[in-house]
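Quick notes on the structure that follows.
The values are calculated or read from the model by the stated rules, or taken from the named source; none is laboratory data. Since the model is a prediction, treat every value here as computed from it, not as a measurement. Glycine gets a Cβ as well: all are built from the backbone with ideal geometry, and neighbour counts include every protein chain shown. With ligands, DNA and RNA removed, areas are computed over all heavy atoms of the protein, side chains included. Shrake-Rupley method; radii C 1.70, N 1.55, O 1.52, S 1.80 Å.
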Amino acid sequence: MAELSANVRMIKGIGEQRAKALGKLGIVTLRDLIGWFPRRYEDRRSVKRIMDLIPGESACVAAMIASPPQLSHVRRGMDLVKVRAVDESGVLDVTFFNQTWLKNQLQQGETYLFYGKAEGSLLRKTMASPVVEPEGRCETTGRIVPIYPLAAGVSQLILSRSIRQGLDACVDILPDTLPDQIRQEHHLCRIGYAYENIHFPEDEKALELSRRRLAFEELFFFTIGLAHLRRRRAVIHVPPCIAVDMAPFYAALPFSLTAAQRRCVEEALADMCSGIPMNRLVQGDVGSGKTMVAAACVYFVVKNGSQAALMAPTEILAQQHYAGLAPLLGKLGVRCALLTGSTPAKEKHTVTTQLSGGEVDFAIGTHALIAGEVEYANLGLVITDEQHRFGVMQRAALSGKGAHPHTLVMSATPIPRTLALILYGDLEVSVIDQLPPGRRSIATYAVPGSYRPRVYAFLRKLVAEGRQVYIVCPMVEENDELPDERKAVTAYARMLREEVFPDLRVVSVHGKMKPREKEAVMTAFAAHDADILVATTVIEVGVDVPNAAVIVVENAERFGLSQLHQLRGRVGRGTHQSYCILISDTQNDETRQRLKVMTQTTDGFRIAEEDLRLRGPGDFFGARQHGLPGLKIADIGCDTQLLKEAQQAAEALLAQDPELRSCPAAAQRVGELFTQAADTLN
Ligand code: ADP
Ligand code: MG
């Protein structure tokens, strides 16, 4: 038996190299290893007869090799091993690419299990590079096989073998972290059974039982952890802000705030006067004017004698916030500074000195704001924009730069209620449920690629009227496996310049450009020095160019609904009628349905709910990017019922035993999940 904290090196077959590769996945200890859950499973149980193989479907067959394997050299870097396999029902021709060792390994007259996609015709069946194993010694065929997320140097087989050994070493000593009574009340299986069957499921039933148990556990501890964080914050006291005359701020704005914006501002100011650190989320659809709510809070805090910081997820966005807010707040006596990764060293030095010396009141920037050397004289308010891009830890890191600063989180991702419950369990929420006046709804169309000539003609017309255009392509390089060159930003922009709009000003921007170059292009576009901006999704969050009236999205099928909604939010920010054109040749029904939703509604909440229904929550928050500790199995989109059960169980337990004295294993688990976060989050 081994300690869970033991290094994975203790496992036979894991040497220095492999340990290093596993480390890249975050797998260091035995606990990490057995907690590396499969991403999905392949059912390779039913073994078919060759005759019953259906071209296009993956299946397992048991067949004997009928003639010696043939090795042929096709060209440099391409060797084939071909074998003919037979069973009582027919013949299967199997080809392996670049696996020359199989020539000697596969024995004529022996029976093997092959798992792969059947191809060929009904009469002549073939398989290309299937998984192959000698019958009777099968690890990855003839059963439900776990498929793990991988990294370079770690194959499926290595992982599943290592996990097998890891489980054997510790499955009997796994502490059952769920209190027994709760486990029984909710019909949850034991921890050992759950770990065994999540990795090597006996059958579907066992897999589902295990998944349910592990997901419940995650949601249960997550709820308890959040409750702890909330309680901690409630006992922290900070000097309350005092009321400030906001009239000069409102007078300096070029417009009056909407009622919804005002309400959000009031809610936030009330928090800051309460004597307990504010922890508030401002949720508002794209274009609802979150920035001004933030600006009001900054003004308020600075007039209270503290500093404020605003962290944006991209250079472009930080730059834009600075360009918009510095002149406005500067007029009101707020000294602003910009700090990003591309701020030149000398300037960076000046800004950090001014921040630590209290000569700057408001810092706007990117992650650079939380770099180790950056100190604040008196940080009283921390704002993160488009928060779904930041994890809990990053928020915490910025907060850690002050003594319990107030935090305001702004998000444009409308989050369905079930999801908000768990994602923002520790935040108060304000909603800006109103757009500034004069906005017209964005006309949205989904069209096939054959419409491009018409789309281009339409763009030309709008440009002639003085408007600007975004065209979004899904990727940066031309070496993507997709054949259509128009889909790559650089090539697309060149094609437009040379063939379609030689007389218009076409610029392009993508994620691989240097920040300074990106910034230059964006600034030029914002200043109307260009008509058409071809871009990747770097423009997805927050970019604000009110004169842009149309956005064209190529390969629209590649984007999730929430992402498309964000992209569409780049237009319709001024008073011009705006358009969103989604180009896609997809034949896939689900995808077509997704695009149709876009054409039917501009309501972000409805879109978010559809998205959740169609794709699950992964689209909102990359599975591991949401920054929530310990949610690896629970699917916050689909496990709503389980979430309710787990929350009720957690609340009942906390009401009875707030310190979890009666269940030390549970207390320890919460500690492991939340200590780090709690230390900085408070
Ligand atoms: P988002 O909520 O997407 O961050 P922004 O804060 O970028 O939205 O605001 C979108 C646009 O609306 C900006 O150009 C901003 O100046 C403008 N705006 C914000 N509030 C108002 C308002 N009350 N009246 C008119 N325009 C506004
Ligand atoms: Mg914004």
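Tabulated values for the structure
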{"item": "Of all accessible heavy-atom area on the range 46-142, the percent that carbon and sulfur account for (1.4 Å)", "result": "51"}
{"item": "Linear extension gain, SER356 paired with ALA524, 0.36 nm per residue minus alpha-carbon span", "result": "57.1 nm"}
{"item": "Residue list for the range 93-129, given a label point 7 angstrom along the Cα-to-Cβ vector of VAL74 and an amide N cut-off under 19 Å", "result": "93-104, 116-121, 125-129"}
{"item": "Per residue accessible area in Å² of the range 151-224, where ligands, DNA and RNA are left out and the probe is 1.4 Å", "result": "41"}
{"item": "Zone of GLU88's modelled label, taken as backbone nitrogen in the range 101-141 under 18 Å from a point 7 Å along Cα→Cβ", "result": "110-113"}
{"item": "Gain in span if fully extended, TYR456 to GLU651, counting 0.36 nm per residue against the direct Cα distance", "result": "64.4 nm"}
{"item": "The chain: antiparallel DSSP beta bridges as a percent of all, rounded to 5", "result": "40"}
{"item": "Nearest-ten-degree value, helix 315-331 long axis tilted from longest Cα axis of the chain", "result": "10"}
{"item": "Under Karplus coefficients 6.51, -1.76 and 1.60, residue-wise ³J(HN,Hα) of the range 273-284 in Hz, glycine/proline x", "result": "8, 7, x, 10, x, 5, 9, 10, 9, 9, 10, x"}
{"item": "Under the Karplus curve 6.51 cos²θ - 1.76 cosθ + 1.60, θ = phi - 60°, whole-Hz ³J(HN,Hα) for the range 364-372, x wherever Gly or Pro sits", "result": "10, x, 10, 3, 3, 5, 9, 4, x"}
{"item": "Solvent-accessible area per residue, Å², over the range 46-142 with all protein chains present [probe radius 1.4 Å]", "result": "56"}
{"item": "Beta bridges by DSSP in the range 443-601, antiparallel share as percent, to the nearest 5", "result": "0"}
{"item": "Probe 1.4 Å, protein heavy atoms only - accessible area per residue of the range 443-601 in square angstrom", "result": "42"}
{"item": "Long-range amide H partners of SER508 with built H, under 5 Å", "result": "VAL534"}
{"item": "Nearest-0.05 FRET efficiency for MET51 and LYS632, computed from C-beta distance (R0 60 Å)", "result": "0.90"}
{"item": "Links that overshoot a 30 Å alpha carbon limit, given the list LYS20/LYS125; LYS290/LYS514; LYS48/LYS632; LYS103/LYS205", "result": "LYS20/LYS125; LYS48/LYS632; LYS103/LYS205"}
{"item": "Between 0 and 90°, nearest 10: helix 604-615 axis offset from the chain longest Cα axis", "result": "10"}
{"item": "Helical contribution to [θ] at 222 nm, DSSP H n ≥ 4, -39,500 (n - 2.57), averaged over the chain, rounded to 500", "result": "-11500 deg cm²/dmol"}
{"item": "Global form of the range 1-141, assessed from the alpha-carbon gyration tensor, a/c cut-off 1.5", "result": "prolate"}
{"item": "Whole-number percent relative contact order across the range 443-601, with pairs defined as alpha carbons under 8 Å at least 6 apart", "result": "31"}
{"item": "Extension gain, MET64 back to ALA152 (0.36 nm per residue minus Cα-Cα distance, nm)", "result": "28.3 nm"}
{"item": "Reachable aspartates and glutamates, given that their alpha-carbon falls under 20 Å from the alpha-carbon of LYS461 and they are not under 8 places away in the same chain", "result": "GLU498, GLU499, ASP503, ASP529, ASP531, GLU554"}
{"item": "FRET efficiency, 1/(1 + (r/R0)^6) with R0 60 Å, evaluated for MET495 and LYS12 via beta carbons", "result": "0.60"}
{"item": "Helix axis angle, 515-526 relative to the chain longest principal axis, alpha carbon, degrees", "result": "60"}
{"item": "In Hz, Karplus ³J(HN,Hα) per residue of the range 33-42 (6.51, -1.76, 1.60; θ = phi - 60°; x = Gly, Pro)", "result": "5, 6, x, 7, 7, x, 7, 7, 10, 10"}
{"item": "Computed label-point distance, nm, for sites ASP203 and GLN600 using a 7 Å Cα→Cβ extension", "result": "4.0"}
